[in-house]
Amino acid sequence: MAVASDVPKESFRLSMLIYDTRFRSLTIQVVVLILFALAVAWLLNNTVQNLAIRGKEFNYAFLWQRAGYDIQQQLIPYTNDSTHFRALLVGLLNTLAVAVVGCVLATILGIFVGVMRLSHNWLISRLMTVYVEVFRNVPVLLWILLAYVILSETTPEPRAFRVTDEMLAAGQAPAARMWLWDTVAVTNRGMNIPAPVFDRPLGTLALGPLTLNLTFLALLAVIAASVWVNRRLVAAARRQQEETGERPATWWKSLLILFVPAIALLAALGFHLETPALKGFNFQGGILVAHSFTALTVALTLYTAAFIAEIVRAGIMAISRGQTEAAYALGLRPGRTMRLVILPQALRVIVPPLISQYLNLTKNTSLGIAVSYLDLRGTLGGITLNQTGRELECMLLMMLIYLSISLIISGVMNIYNRSVQLKAR
Amino acid sequence: MESKTPSFVRSQMLPPQPPPTRESGVVKWLHENLFSSWLNGILTVVGLIILALIIKSALPWWLNGVWHASSLGECREIIAASAGEGATGACWAVIRERWHQFIFGFYPPALWWRPILAFGLLFVAIGPVLYAGQKRVLTTMIGSAFLGLLITLWLASAPAMVFVGLVVLLGALAALAQTRPGALLWFTAAFPALCFLLLWGGSFWTPVMAMAGFAILAVVARLLAGRVGAPVAVGLGIVAAVIWWLYVSGPVAGAFASVAPLGLEPVKSDQFGGFLLAIVIGVTAISCSLPVGILLALGRQSNMFIVKTLSVGFIEFIRGVPLITLLFTASLLLQYFLPPNTQFDIILRVIILVTFFAAAYLAEVIRGGLAALPRGQYEAADALGLDYWQAQRLIIMPQALKVSIPGIVSTFIGLFKDTTLVAFVGLMDPLKGVTQIVRADINWKGIYWEPYIYVGAIFFLICFGMSRYSMYLERKLKTDHR
């Protein structure tokens, strides 16, 4: 009406920038932007001044210098002659190793505990409640430190495993024994486990900085191929079932397809396990798993599993009782009711908080510093930083890497989340 | 049909029979809860075996516990003498000898009354926030704080003056709670300065002058509000307060201190440790992160592009990196980002970074609460003619915060547990810092269960208490009828 046409006639006054809703949000944004720019400029100016005072300059050339320190656990070849960048990669892989193993184990344990906590069995549900409450309400650092101390201070020294001729003659047993049919030895230096060895390996293929392990690739290819063939087999069986109403027996064919090619390849490559054995003062052969890795993984798994258990429980409880009853009314058995009716709906509630637990676990791997586990923080943010004195570069790069890992995990899980979300409406 | 009398009809009621044994009492309970099916029976047996194993290995250890010894070796001798060779036993003597380091770190023993007093007054200060206007609860809180403080201060052998001050202060506050409970909020507002003075000591005038900055902000904002409008007045007030803090308050505090040198014996930050440190960092970061988190959540919900982008960037950045890297930023990088030769306390730096960390998580929790509100609530606020801040204060926030209480409290619990990470920047947290010192002592070398159980139990009590309180709060505030 008239009001609308009156507005343009009004001359612009400065106070309108604040009191007129048409301009106010613009004013606020400009003020915020100016303040933000000023703050950034102030920080940058300080940084430049501080760098100048210390006589440093901001560059990443140090990454290509010789690192000069050893890393206990390496998933890719590394010596102390390698570059700092190589050390960074080793650290990153160590971080990811704990994160992946921890997430998988924590999910399995968490689902188990969560379901058990809903059990009608009074004793079991109480036990699980105690587990969840104890692990949730105590800092994860305590579990890491405790696991590490127990592993490294209560386990025997390697020489406790020794059997001498005198002891044999006297019929004495050694002070410590290996586990699992003499294949695993837990000492105060680490856990010695059997290593897979190939007598006739296929060798490696060098592609620039990357080296590909052909043996491993061949094994992977064979397994993938058998899984694919097995899927075709099951699909064919289902087609036949839908056409004729009778399902051909496939289980023995599946077993053959899945296992025979892989076993044949392993036999052809001369696969066997090399068990650790006490030679001199220490165990030789096999793989030495550092206690820092075990302690960190176990502690993070137990801690995160308690949170995942609560998420799973809440997810299952969020599905109304009517769904179960409806499934029973349709004649589904309890197992199928869970698998076909409850879980698909519960997953929708479970997945988003589960993602943030995975993120938390991944970020908590940085607590490996407490047990001197050389992860990304230990290499790039620890020894490299101390040796080169490049705090600014190292910290920024490290934050960037952690940030990318977090964003990738949440991105991937969000895609999955979208695929299980309600499609209706 | 003709009447055909049955051969026998009972004319008296039978007394009721007791139900079959299977359907009552212990047997029924056992059958329903432990052995309702084969699977359940197996589970029960497995559970019982696990329980038995735990008890078998842990019970003698607890029962053989030794409280009086001066070293681990002596402990073991006592246990071997009383329970036989090879018996295990806890050596609680280490806790008996070193408990004060777990609680106070290296805070001077003669001054322990200061953190104790600050901790007791903390409850008096949060009372008006949690139980606004409830006279009875507030008076009870002040009374119980008084009693608790009286006993603990006596145990810590505080000087007599402290008791006099305590009686006067809490008496006045109790009277205030009876007459004008709303005015107790002023004590809450003054508490940070009081707490700082008690914990760190130093001149009485430093915290007073810092508080005066807020007073200047309020005065300037109120005086100018009539002339230039509230938003500009508040902005000018902030500018005036910043100028005061940066340039004026130091010299003024110095001048007052030379005239009237009031103050307490200063305690350095590196003497703080144990749960004292954890609680100082935790409580400060918790109380500062809530307002910052609310602002960030509002910024993220805002339809102003720049404000929204900055909020999202800040939240996602903080949530994407581990707390440890932020703590290292506090200890290593702030020297690059601040003007050359700036020195400020490491505890303060850590508190600021932990506050940012918690605020980002809180912002996401509160955003969830905001998203759960129906659109109609916003529209109703608009229809009533409320402006943005009025609508937030009166309509949106009370509901959104109520919905997000479980999330907020679990963030707080996480924050309190995360205070242990300050060990990595050289502060003495109870878990790694103090325990390491104790374990490095030649007398206690090789001890691990006892200190970890002790610290873990205290953490458990505090965190479990917080989560139970949040459940209570949730039930109490539940107003929907479902």
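The values are calculated or read from the model by the stated rules, or taken from the named source; none is laboratory data. Only a predicted model underlies this, so the values are computations on that prediction, with no experimental measurement involved. All Cβ positions, even for glycine, are placed from backbone atoms using ideal geometry, and neighbour counts span all protein chains on display. Heavy atoms of the whole protein, side chains included, go into the accessibility calculation; ligands, DNA and RNA do not. Shrake-Rupley method; radii C 1.70, N 1.55, O 1.52, S 1.80 Å.
Between rounded, prolate and oblate, where does chain B land on the alpha carbon gyration tensor, with a ≥ b ≥ c its root eigenvalues, rounded for a/c under 1.5, else prolate if a/b exceeds b/c?
Oblate is the answer for chain B, as a/c is 1.5 or above yet b/c matches or exceeds a/b.
So if I take the centroid of the Cα atoms in the stretch B:414-465 and the same for the stretch A:145-159, what is the distance between those two points in Å? Cα centroid to Cα centroid, the span is 19 Å.
How high is the relative contact order of chain B, given as a whole-number percent (alpha carbon pairs under 8 Å, six or more residues apart)? Could you put the intermediate results ahead of the total?
Working: 487 pairs, mean separation 69.2, N = 482.
So the answer I get is 14 percent.
Average 1/r across all pairs of distinct alpha carbons in the stretch B:323-482, invert it, and you get the Kirkwood radius: 19.1 Å. Figure note: B:Lys28, B:Lys308 ranked by solvent-accessible area, largest first, 1.4 Å probe, ligands and nucleic acids not counted: B:Lys308, B:Lys28.
Hey, what D do you get for the stretch A:346-410 in µm²/s if you plug the Kirkwood alpha-carbon radius into Stokes-Einstein at 10 °C and 1.306 mPa s? Show your work: numbers first, answer last.
On the way: Rh = 13.1 Å.
Value of D from the Cα-based Kirkwood radius: 122 µm²/s.
A 1.4 Å probe run over the protein assembly as shown, with the rest of the protein chains in place, finds 56 Å² accessible per residue. Annotation: the stretch B:290-395 has a Kirkwood hydrodynamic radius of 15.7 angstrom, from the mean reciprocal C-alpha pair distance. At q = 0.09 Å⁻¹, what is the base-10 log of I(q)/I(0) for chain A according to the Debye formula with one equal point scatterer per Cα and no solvent? Please give it to two decimals. With no solvent term, the Cα-only Debye profile gives -0.91.
Using a ≥ b ≥ c from the Cα gyration tensor of the stretch A:1-111 (square roots of the eigenvalues), is it rounded, prolate or oblate, where a/c under 1.5 gives rounded and otherwise the larger of a/b and b/c decides, a/b for prolate? Cα axes put the stretch A:1-111 in the oblate bin.
Only helices reaching 27 angstrom along their own axis (Cα) with mean Kyte-Doolittle hydropathy no lower than -1.0 count here, and for the DSSP H runs of chain A these are A:21-54, A:84-117, A:214-244, A:291-317, A:343-364, A:391-420. I need the shape label for the stretch B:248-293. Rule: rounded when a/c is under 1.5, else prolate if a/b > b/c, else oblate, with a, b, c from the alpha carbon gyration tensor. Oblate shape, in that a/c is at least 1.5 and b/c is the bigger or equal ratio. For B:Cys288, the solvent-accessible surface with a 1.4 Å probe is about 60 Å², rounded to the nearest 10. Using just its DSSP H runs of length 4 or more, each adding -39500 (n - 2.57), chain A gives a mean residue ellipticity at 222 nm of -20000 deg cm²/dmol after division by all residues. Overall dimensions of the stretch B:130-220, expressed as equivalent-ellipsoid semi-axes from the Cα gyration tensor (√(5λ), whole Å, largest first), are 24, 21, 10.
Put simply, the C-alpha atoms of the stretch A:110-175 give a gyration tensor, and the ellipsoid matching it has half-axes of 42, 18, 8 Å, longest first.
Of the whole protein surface, A:Trp122 contributes about 100 Å² of accessible area at a 1.4 Å probe radius. Seen from every direction in turn and averaged, the convex hull around the alpha carbons of the stretch A:76-128 projects onto 4.8 nm². Counting only lysines at least 8 places from B:Lys417 when in the same chain, those with an alpha carbon closer than 19 Å to its own are A:Lys363, B:Lys432. A cysteine counts as unpartnered when no other cysteine's C-beta lies under 4.7 Å of its own; in chain B this applies to B:Cys195, B:Cys288, B:Cys463. When the alpha carbon coordinates of the stretch B:421-463 are projected onto the principal axes, the ranges are 33, 24, 8 Å, largest first.
Computed from phi, the 3J(HN,Hα) profile of the stretch B:412-424 under the Karplus parametrisation 6.51, -1.76, 1.60 (θ = phi - 60°) reads 4, 4, x, 4, 5, 5, 6, 4, 5, 6, 5, 4, 6 Hz, with x in place of Gly and Pro. For the stretch A:214-321, the Cα-based Rg and Dmax, in that order, read 22.7, 68 Å. Per the Cα gyration tensor, the stretch A:303-424 maps to an equivalent ellipsoid with semi-axes of 43, 15, 8 Å, ordered largest to smallest.
Remark: accessible area buried at the A-B interface is about 5200 Å², both chains counted, probe radius 1.4 Å. Taking only protein heavy atoms and a 1.4 Å probe, the accessible area of the stretch B:372-422 is 62% carbon and sulfur. When the Cα convex hull of the stretch A:43-100 is projected onto planes of every orientation, the mean area is 5.7 nm². Expressed as a whole percent, the accessible area of chain A that falls on carbon and sulfur atoms is 66 (1.4 Å probe). Its alpha carbons considered, the protein assembly as shown gives a radius of gyration followed by a Dmax of 33.4, 122 Å. Residues whose amide H comes within less than 5 Å of that of B:Val66, counting only those at least five positions distant or on another chain, are B:Ala90, B:Cys91, B:Trp92, B:Ala93 (H built at 1.01 Å from N in the peptide plane).
Solvent exposure of A:Met317, expressed as accessible area, is near 120 Å², computed with a probe of 1.4 Å over the protein chains only.
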